[in-house]
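The values are calculated or read from the model by the stated rules, or taken from the named source; none is laboratory data. Computed from a predicted structure; not experimentally measured. Counting neighbours? That spans all protein chains shown, and the Cβs are built from the backbone with ideal geometry, glycine included.
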Amino acid sequence: MIRDLTDDEARAALPCKWGEVAPDVLPAWVAEMDYAVAEPVREALLRAVTAGMTGYPPGGAGGALGDAYAGFAARQFGATVDPARVVPTVDVTAGVRIVLDVLAPAGGLVFPVPGYSPQLAMADVTGRERLDLVVDPDAERAELDLDRLDRFFADGARVLLLTQPHNPWGRAFSRAELEGVRDVVVRHGGFVVSDEIHAPLVLDGREHVSYLAVDGTADHAVSVVSPSKAFNTAGLKCAQLVTASDLLHERLLAAPGIHNDSWSVLGLVAAEASYTHGDAWLAALRRRLEDQRDLLVRLLAEHLPLARLRPVEATYLAWVDLRAYGHDDPAALALERERVRLAPGHDYQPGLTGHVRLNFATSADRLTTIVHRLAAAVTLPPS
Ligand SMILES: Cc1ncc(COP(=O)(O)O)c(C=O)c1O
């Protein structure tokens with residue numbers, strides 16, 4: 001069910017991931033998958049284009065999209081979502097920004113770091129101070145430091161930008177961990193924006209727990225969701241804002257339309273098709289990603305035995321600690337010496353050395369070549 005794209009197909013399909021690198025470079029950087037789009041999504045898009053559906057999307061909350069997402073959340077996460085409180089928005093980045101601009105209280109923004117690189121600028125563009133909740137690179141397990149979070153809120157922070165599951169930590173936070181976050185936030189009257197773009201990509205049968213599915217969060221949180229990472233449709237532009245309280249929902253709808261007016265009609269079609277008809281493909285995808293992840297673990301053990309990779313519980317992005325090889329920027333070396341493009345760790349945590357983020361959503365052959373090349377690049381002495 002999961003079809004690997006050939007190199008030529010991938011170049012045509014993924015102009016960012018494959019088009020922004022030279023022809024001899026293997027891309028394993030941006031979070032897109034080298035797999036063909038799920039058939040039900042492709043068919044829905046073809047029908048829409050054939051019908052000439054290239055105009056404005058219908059506006060408003062709920063509707064077919066709300067029903068589709070609520071059904072998906074019930075089946076996939078066992079979560080109860082009110083379809084009427086599902087609001088389209090252009091993408092997750094824009095959705096997080098809208099929540100920060102129109103719903104969250106003014107004040108410092110706590111950001112777990114290393115974190116999704118474009119969001120490092122989120123505090124700045126929303127007029128806030130960024131407070132980095134840093135995970136120790138030597139920690140056995142990547143966990144949210146609740147004591148530090150408590151101190152940030154005690155010192156005046158107002159909002160937490162949570163990523164659940166986490167990119168690049170690869171963690172799917174448990175209900176107990178999220179309850180710990182909730183307790184801190186509630187103690188200080190804070191607010192949470194929960195970026196749940198990777199929710200469908202929880203591996204090994206683990207449960208995705210939405211922050212909104214934790215008791216006592218409805219009045220202080222919004223989750224931002226999208227099928228775009230799991231269904232490889234990031235270019236189509238239709239994410240969703242989900243609230244669990246009437247008050248937050250009404251405030252969101254009351255915000256001037258200019259905050260939220262640009263999702264696309266084809267994105268809407270793809271989102272509805274993914275949520276309604278994508279379960280079987282998604283199940284196959286998760287199995288495939290588990291195989292890819294396991295292959296990566298074996299390849300690292302064989303070719304880069306000093307590399308450290310914490311268990312990847314979710315996403316198709318591996319956060320690899322290569323500090324033992326003694327290079328500040330292994331991603332730059334891999335590109336320069338061996339023509340493989342990885343995402344440099346310092347993009348996710350300014351100043352951090354020796355880490356890369358490796359996208360393993362590709363073919364087994366390419367993943368093998370990526371690790372061989374990375375190993376050749378970092379095991380040569382510094383030049
Ligand atoms: C955690 C996280 N949030 C947001 C995004 C970007 O989402 P969008 O393209 O919908 O803005 C990504 C992309 O990889 C991501 O990993």
> Does at least one position in the range 71-80 carry a residue that is in contact (Cβ under 8 Å) with a residue 60 or more places away in the chain and part of a strand (DSSP E or B)?
Replying inline: no
> Within the range 139-154, can you find the residues that are in contact with a strand residue (DSSP E or B) (Cβ under 9 Å, 6 or more places away or on another chain) and without any contact (Cβ under 8 Å) to a residue 40 or more places away in the chain?
Replying inline: 144, 145, 148, 149
>> Tell me the residue from 230, 213 that is more than 21 Å from residue 62 (Cβ to Cβ) and in the same structural domain as residue 69 (by TED's automatic domain parsing), please.
In response: 230
> Picking from 334, 314, 318, which residue would you name as being of a type in the set (Gly, Ala, Ser) and farther than 30 Å from residue 237 by Cα?
Replying inline: 334
> Out of the residues in the range 220-229 that are within 11 Å of the ligand (Cβ to nearest atom) and over 15 Å from residue 269 (Cα atoms), which is surrounded by the fewest Cβ atoms within 10 Å (Cβ to Cβ)?
Replying inline: 229
> Mind checking which pairs have a first residue in the range 203-225 that is within 24 Å of residue 93 (Cβ to Cβ) and among the aromatic types (Phe, Trp, Tyr) and a second that is in a loop (DSSP other than H, G, I, E, B) and more than 16 Å from the ligand (Cβ to nearest atom), Cβ under 9 Å, 6 or more apart or different chains?
Replying inline: 211/217
> With respect to residue 212, is the statement that it is part of a helix (DSSP H, G or I), among the aliphatic types (A, V, I, L, M) and within 16 Å of the ligand (Cβ to nearest atom) true?
Replying inline: no
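Residues are listed down the side, and each one gets a yes or a no for (1) part of a loop (DSSP other than H, G, I, E, B); (2) within 20 Å of the chain's Cα centre (by Cα):
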| position | (1), (2) |
| --- | --- |
| 328 | yes, no |
| 331 | no, no |
| 335 | no, no |
| 346 | no, yes |
| 350 | yes, yes |
| 356 | no, yes |
| 361 | yes, yes |
| 367 | no, no |
| 372 | no, no |
> Do you know which residues across the range 191-219 are surrounded by 24 or more Cβ atoms within 10 Å (Cβ to Cβ), over 24 Å from residue 360 (Cα atoms) and touching a His at 6+ places or on another chain (Cβ under 8 Å)?
Replying inline: 192
>> Looking only at residues that are basic (Lys, Arg) and either part of a loop (DSSP other than H, G, I, E, B) or in contact with a Lys or Arg (Cβ under 8 Å, 6 or more places away or on another chain) (or both) in the range 1-35, which one is farthest from residue 335 (Cα to Cα)?
In response: 3
> Only one of (1) over 23 Å from residue 117 (Cα atoms); (2) under 23 Å from the mean Cα position of the chain (by Cα) fails for residue 320. Which number is that?
Replying inline: (1)
> Could you list, in sequence order, the residues of the range 50-76 that are among the aliphatic types (A, V, I, L, M) and either surrounded by 12 or more Cβ atoms within 10 Å (Cβ to Cβ) or under 30 Å from residue 205 (Cα atoms) (or both)?
Replying inline: 53, 61, 64, 65, 68, 70, 73, 74
>> Given the options 335, 358, 300, 317, name the one that is in the same structural domain as residue 16 (by TED's automatic domain parsing), farther than 30 Å from residue 196 by Cβ and in contact (Cβ under 8 Å) with a residue 12 or more places away in the chain.
In response: 335
> Is it the case that residue 308 is basic (Lys, Arg), in contact (Cβ under 8 Å) with a residue 12 or more places away in the chain, surrounded by fewer than 20 Cβ atoms within 10 Å (Cβ to Cβ) and within 18 Å of residue 25 (Cβ to Cβ)?
Replying inline: no
>> Just the residues that are crowded, with 24+ Cβ neighbours inside 10 Å and more than 16 Å from the ligand (Cβ to nearest atom), please, taken from the range 230-250.
In response: 243
>> When you check residue 30 against the structure, is it farther than 30 Å from residue 245 by Cα and away from the ligand (no atom under 16 Å from the Cβ), yes or no?
In response: no
